[in-house]
Amino acid sequence: MGAFIYGVSLQWKLDIRSKTLLITCYIVPLLFFGIMGGIFTSVIPGAGDTLIQSMTVFGVTMGALIGLPPSLVEIYGSDIKKVYLANGVPLYLGIALANISAFIHLFIMSIILYIAAPLAFDAKIPENPGVYFASLSIFIAVSLGIASIIGLAVKDQTKTSMFSIIVFLPSIMLSGIMFPVEMLPQMLETIGKAFPASWGYRLMTGGTFGLENLLPMLVIFVLAVCACAILLSGKMIWRNK
């Protein structure tokens, strides 16, 4: 219990001083919403029907893929890892607490969008809020799983940002939030299905837990958890201990 409390305390201190977390989980998603929300609803007929989902997919994807990996690099690629070990904190607790913290921040940001979109742009509220927020929780968890792989696999801060952007851009462009995926060439539409954003958008706009959208998310999540477990137990984490 003492190790857990110490880990929570350390993660809280990291969150407070993290400018990346503030920028990627709140400032940029909300600025994007403020600018693009008006453009979408003015230019695209019916955009208000899925504006909450579109803006949420962007915010969650950015906050997860660009916000979480630097935090993991800070934990496992610096002396913080040695502090964990010296205080008897299991290494897996670092990634667990970082994911929980990021999940909370992204969920709060999503609630802000959920409330602000109808007020600012007369966006349509999802018909079944319970299903929507359950779908949102699944989408956030899967996105954080992919982000965790980047944070554990790449130890250099600069390279981490590069890989995060490489995954982030196609996730957004091929997800369907900018334009219907039916407009894409078949190959790009297929590539888009490899990213959580595409399935998350479909799941949140579907109104129900359709197995055709839920199953791919679960598969991606399981694969991400397995990859993270391998990376945590591998030489990449333990070397230079």
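The values are calculated or read from the model by the stated rules, or taken from the named source; none is laboratory data. Nothing here was measured: the structure is a model prediction, and the numbers come from that model. Glycine gets a Cβ as well: all are built from the backbone with ideal geometry, and neighbour counts include every protein chain shown.
Taking the listed residues G46, G37, the one that is at pLDDT below 95 and over 21 Å from the mean Cα position of the chain (by Cα) is G46, with no other qualifying. Among residues of segment 129-142 that are on the phi < 0 side of the Ramachandran plot and in contact (Cβ under 8 Å) with a residue 12 or more places away in the chain, those with a Cβ under 6 angstrom from a residue that is surrounded by fewer than 24 Cβ atoms within 10 Å (Cβ to Cβ) and among the hydrophobic types (A, V, I, L, M, F, W, C), sequence gap 6+ or separate chain, pair up as I138/M217; I140/F103; V142/M217; V142/I220; V142/F221. Report, by residue number, each residue of segment 158-175 that is small (G, A, S) and either farther than 21 Å from M36 by Cβ or at pLDDT below 90 (or both). Within segment 158-175, S161 is the sole residue that qualifies. In the set F133, F139, F58, F107, only one residue is at pLDDT 90 or above, surrounded by fewer than 21 Cβ atoms within 10 Å (Cβ to Cβ), within 12 Å of the chain's Cα centre (by Cα) and of a type in the set (F, W, Y); that residue is F107. Residues in segment 117-131 that are of a type outside the set (D, E, K, R) and in a loop (DSSP other than H, G, I, E, B): A123, I125, P126, N128.
You will find that of K155, K193, the residue that is basic (K, R) and at pLDDT below 90 is K155 and no other. Out of I66, I95, I75, one residue alone is modelled with pLDDT of 90 or more and either surrounded by 21 or more Cβ atoms within 10 Å (Cβ to Cβ) or outside any helix (DSSP H, G or I) (or both). It is I66.
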